[in-house]
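Novice: Submitted below is the structure of interest, expressed as structure tokens.
Each value in this text was obtained by applying a stated rule to the coordinates, not by laboratory testing. Keep in mind it's a predicted model, so treat the numbers as computed, not measured. Note that we place each Cβ from the backbone using ideal geometry, even for glycine, and neighbour counts take in every protein chain shown.
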Amino acid sequence: MRLTFRRFAAVLVRAACAILPALALPAAAAPPGAASPPAAPAVATVLRCGGVVDVRAGVRRPGVAIVVRGERIESVLEAGRPVPPGSTVINLADLTCMPGLVDAHTHVFLQPGDYDAQLLKQSIAHRTLTAAAAARDMLMAGFTTIRDLETEGAMYADADLRDAIDAGVVPGPRMQVATRAISTTGNYALLGYAPEVAVPKGVQIADGADGMRRAVREQIQYGADWIKFYGDYRKFLDTGEILDLRVTMTEEEARALVDEATRRHRPVAAHCYGDDAARLAVKAGVRSIEHGLFLDATTLGMMKEKGVVYCPTLTAYRTSWDEHPTDAWKSVVDGHRETFKRALRTGVIIASGSDAGSFAHRDAGRELVLMADYGMSPKDVLRAATLVDAELLGWKDRIGEIAAGRLADVIAVEGDPLGDIEAVRRVRFVMKGGTVFRPAGAAGASAGGAGG
Ligand SMILES: [Zn+2]
């Protein structure tokens with residue numbers, strides 16, 4: 001096992017060296033060198049913005065300039081204030097600046113299309129290179145931070161991608177990763193193959209309290225920032241009909257899993273479509289409930305009381321309905337929308353996460369549009385995708401708003417997202433940690449598609 005992984009790592013490094021030029025950034029957007037993080041430079045960079053969204057206050061301030069030195073925001077200057085002498089000025093006067101977006105539920109190792117084929121026919125090296133391109137697409141779409149919630153069979157390669165991005169080897173958002181995720185025997189793909197055929201699994205399968213503890217320890221050993229488990233599992237028919245939505249774990253197993261993660265200071269995210277799994281997960285002490293398609297007032301009340309975050313991932317199911325416009329998919333989307341509205345009324349903390357990977361990563365901004373469409377005010381949507389997500393990730397002092405001392409994660413969009421939330425899908429400029437990754441005017445997507 002260990003030897004195999006090392007051999008894979010060597011292959012991966014060779015493959016990455018061969019293909020890196022293909023992932024190169026647009027001109028003038030070179031990432032920082034791998035070995036030496038830049039020392040705070042004497043020369044400041046000033047972003048002259050047409051306006052800046054103050055997500056905390058929920059207002060757009062016109063004519064503001066953002067002073068960036070090194071990787072951080074040094075100051076935010078109201079209109080008309082002088083900028084530091086000798087600064088490099090970037091003109092974004094036609095655009096609205098805002099904090100880099102956070103997506104709290106992604107799968108950069110998963111691509112739209114045949115799930116089984118990705119696990120059966122693509123090497124982990126191939127999937128890792130594809131994941132690097134997906135991560136780059138998310139960055140170009142304005143997501144400067146993501147919580148990537150499992151590799152879907154690509155083992156621990158998300159930890160490698162996270163570290164490669166941090167080292168400046170490839171461009172991408174800051175990442176927190178969950179590595180493999182955990183479910184129980186019979187409760188995750190690949191399923192349906194003959195018992196004598198060994199097939200890979202999209203998650204780590206574990207059973208019993210001891211099995212949970214062992215899986216958690218192993219995932220943390222190989223780099224997990226989060227532990228994710230499947231509270232329930234289902235089979236969707238092509239029609240969208242859900243077959244046999246079942247709770248995967250006993251209370252004893254869920255408690256052991258959360259206890260072991262907590263001992264190692266790792267928060268837990270639980271995939272739960274229905275009430276039974278969500279209540280079990282909340283009682284076990286998870287930090288967030290993912291998807292929550294069908295949650296009633298009692299479950300949402302429990303979440304509110306314990307401060308458990310709801311991460312709805314609306315886009316995944318809306319995309320499925322777009323692609324399969326059946327009555328069954330409509331009922332999934334209708335139920336999800338009702339849960340979202342109920343969560344708003346209940347006052348549950350709502351994060352923004354899209355489940356990108358089940359659809360094209362560059363479309364992750366659609367999540368914010370759907371949240372507004374389902375009844376959240378644009379200013380609360382922008383808070384969810386910045387301040388709330390930053391707090392969920394434990395990074396509220398580093399990211400999530402444009403303020404002195406925060407990391408310089410700044411994007412600029414066409415229009416005013418407070419008045420027209422669709423503006424978040426018109427990203428025209430991306431800076432992460434003080435480095436420009438997408439200059440204004442550069443194309444956004446890696447595969448030649450439309451940007452933003
Ligand atoms: Zn997911």
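Novice: Taking the condition closer than 30 Å to L245 by Cα and away from the ligand (no atom under 14 Å from the Cβ), does D137 pass?
Specialist: Values: closer than 30 Å to L245 by Cα: no; away from the ligand (no atom under 14 Å from the Cβ): yes.
Criteria not met by D137.
Novice: Mind checking which residues of the range 140-151 are within 16 Å of the ligand (Cβ to nearest atom) and hydroxyl-bearing (S, T, Y)?
Specialist: The first filter runs over the range 140-151 and keeps only residues within 16 Å of the ligand (Cβ to nearest atom), leaving 143, 146-151.
Scanning the range 140-151 gives a single hit, T151.
Novice: Need the failing condition index for I66 against (1) within 20 Å of the chain's Cα centre (by Cα); (2) surrounded by 17 or more Cβ atoms within 10 Å (Cβ to Cβ), just the number.
Specialist: (1)
Rundown of residues vs (1) within 16 Å of the ligand (Cβ to nearest atom); (2) part of a strand (DSSP E or B), yes/no style:
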position	(1), (2)
G240	no, no
H265	no, no
H271	yes, yes
A278	yes, no
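Novice: What residue, among those in the range 283-320 that are under 21 Å from the mean Cα position of the chain (by Cα) and assigned to a loop (DSSP other than H, G, I, E, B), is nearest to the ligand (Cβ to nearest atom)?
Specialist: The qualifying residue nearest to the ligand (Cβ to nearest atom) is T313.
Novice: Here is a further query. May I ask you to list the residues in the range 67-117 that are under 30 Å from G192 (Cα atoms) and of a type in the set (A, V, I, L, M)? Even if it seems obvious, please write down each step before you answer.
Specialist: The first filter runs over the range 67-117 and keeps only residues under 30 Å from G192 (Cα atoms), leaving 105-117.
Within the range 67-117, V108, L110, A117 qualify.
Novice: Can you work out which of the residues in the range 49-71 that are out of contact with any strand residue (DSSP E or B) (no Cβ under 6 Å at 6 or more places or on another chain) and free of Cβ contacts under 8 Å to residues at least 60 places away in the same chain is nearest to R406 (Cα to Cα)?
Specialist: A57
Novice: Could you tell me how many of the residues in the range 159-203 are in contact (Cβ under 8 Å) with a residue 12 or more places away in the chain, assigned to a loop (DSSP other than H, G, I, E, B) and acidic (D, E)?
Specialist: 0
Novice: Mind checking which residues of the range 321-345 are hydroxyl-bearing (S, T, Y) and surrounded by fewer than 20 Cβ atoms within 10 Å (Cβ to Cβ)? Steps first, please.
Specialist: Residues of the range 321-345 that are hydroxyl-bearing (S, T, Y), as a first pass: 326, 331, 339.
Answer for the range 321-345, where residues must be hydroxyl-bearing (S, T, Y) and surrounded by fewer than 20 Cβ atoms within 10 Å (Cβ to Cβ): T326, S331.
Novice: Criterion first (under 16 Å from the mean Cα position of the chain (by Cα), of a type outside the set (A, V, I, L, M, F, W, C) and either more than 24 Å from V52 (Cβ to Cβ) or within 16 Å of the ligand (Cβ to nearest atom) (or both)) does G394 satisfy it?
Specialist: Considered against the rule, which asks whether it is under 16 Å from the mean Cα position of the chain (by Cα), of a type outside the set (A, V, I, L, M, F, W, C) and either more than 24 Å from V52 (Cβ to Cβ) or within 16 Å of the ligand (Cβ to nearest atom) (or both), G394 comes out as yes.
Novice: Residues in the range 209-222: is at least one surrounded by fewer than 22 Cβ atoms within 10 Å (Cβ to Cβ), basic (K, R) and within 16 Å of the ligand (Cβ to nearest atom)? Write out each step before concluding.
Specialist: Looking only at the range 209-222, we keep the residues that are surrounded by fewer than 22 Cβ atoms within 10 Å (Cβ to Cβ), and these are 209-211, 213-214, 217-218, 220-222.
If we keep only those that are basic (K, R) as well, we get 213-214, 217.
Applying the additional criterion that residues be within 16 Å of the ligand (Cβ to nearest atom) yields none.
Checked against the condition, which is being surrounded by fewer than 22 Cβ atoms within 10 Å (Cβ to Cβ), basic (K, R) and within 16 Å of the ligand (Cβ to nearest atom), the range 209-222 yields no hits at all.
Novice: Name every residue in the range 321-346 that is within 16 Å of the ligand (Cβ to nearest atom) and either farther than 27 Å from L392 by Cα or touching a Gly at 6+ places or on another chain (Cβ under 6 Å) (or both), in order of residue number. Lay out the reasoning, then the answer.
Specialist: Looking only at the range 321-346, we keep the residues that are within 16 Å of the ligand (Cβ to nearest atom), and these are 332, 336.
V332, the sole residue that qualifies.
Novice: Something else now. Among residues belonging to the range 154-163 that are surrounded by fewer than 22 Cβ atoms within 10 Å (Cβ to Cβ) and of a type in the set (A, V, I, L, M, F, W, C), point out the one that is nearest to V430 (Cα to Cα).
Specialist: This residue is A159.
Novice: Right, here's the next one. Looking at the range 305-331, I want the residues that are more than 15 Å from A351 (Cβ to Cβ) and have a partner that is within 12 Å of the ligand (Cβ to nearest atom) with Cβ atoms under 6 Å, at least 6 apart or on another chain. Which pairs are those?
Specialist: T319/F359
Novice: Out of curiosity, is L119 in a loop (DSSP other than H, G, I, E, B), of a type outside the set (S, T, N, Q) and either without any contact (Cβ under 8 Å) to a residue 12 or more places away in the chain or surrounded by fewer than 23 Cβ atoms within 10 Å (Cβ to Cβ) (or both)?
Specialist: Working: in a loop (DSSP other than H, G, I, E, B): no; of a type outside the set (S, T, N, Q): yes; either without any contact (Cβ under 8 Å) to a residue 12 or more places away in the chain or surrounded by fewer than 23 Cβ atoms within 10 Å (Cβ to Cβ) (or both): yes.
No.
Novice: Among A154, A131, A104, which is the only one that is within 16 Å of the ligand (Cβ to nearest atom), among the hydrophobic types (A, V, I, L, M, F, W, C), assigned to a loop (DSSP other than H, G, I, E, B) and touching a helix residue (DSSP H, G or I) at 6+ places or on another chain (Cβ under 9 Å)? Steps first, please.
Specialist: Numbers: A131 fails: assigned to a loop (DSSP other than H, G, I, E, B); A104 fails: assigned to a loop (DSSP other than H, G, I, E, B).
Exactly one residue qualifies, and that residue is A154.
Novice: Residues to consider are E74, E78; find the one that is in contact (Cβ under 8 Å) with a residue 40 or more places away in the chain and more than 30 Å from A189 (Cα to Cα).
Specialist: Working: E78 fails: in contact (Cβ under 8 Å) with a residue 40 or more places away in the chain.
Going through E74, E78 in turn, just one is in contact (Cβ under 8 Å) with a residue 40 or more places away in the chain and more than 30 Å from A189 (Cα to Cα): E74.
Novice: Go through the range 381-424 and report how many residues are hydrophobic (A, V, I, L, M, F, W, C), part of a helix (DSSP H, G or I) and surrounded by fewer than 22 Cβ atoms within 10 Å (Cβ to Cβ). Write out each step before concluding.
Specialist: Step one: filter the range 381-424 for residues hydrophobic (A, V, I, L, M, F, W, C), giving 381-382, 384-385, 387-388, 390, 392-393, 395, 399, 402-404, 407-408, 410-413, 418, 421, 423-424.
Then keep just the ones that are part of a helix (DSSP H, G or I); that gives 381-382, 384-385, 387-388, 390, 392, 421, 423-424.
Still in the running and surrounded by fewer than 22 Cβ atoms within 10 Å (Cβ to Cβ): 387.
The qualifying residues number 1.
Novice: In the range 347-380, how many residues are in a loop (DSSP other than H, G, I, E, B), within 16 Å of the ligand (Cβ to nearest atom) and of a type in the set (G, A, S)?
Specialist: Within the range 347-380, the first condition is being in a loop (DSSP other than H, G, I, E, B), and the residues that meet it are 347-349, 351-355, 357-360, 364-365, 374-377.
Okay, now just the ones that are also within 16 Å of the ligand (Cβ to nearest atom), so 351-355, 357-360, 364.
Right, trim to of a type in the set (G, A, S) and you get 351-354, 357-358, 360, 364.
Count: 8.
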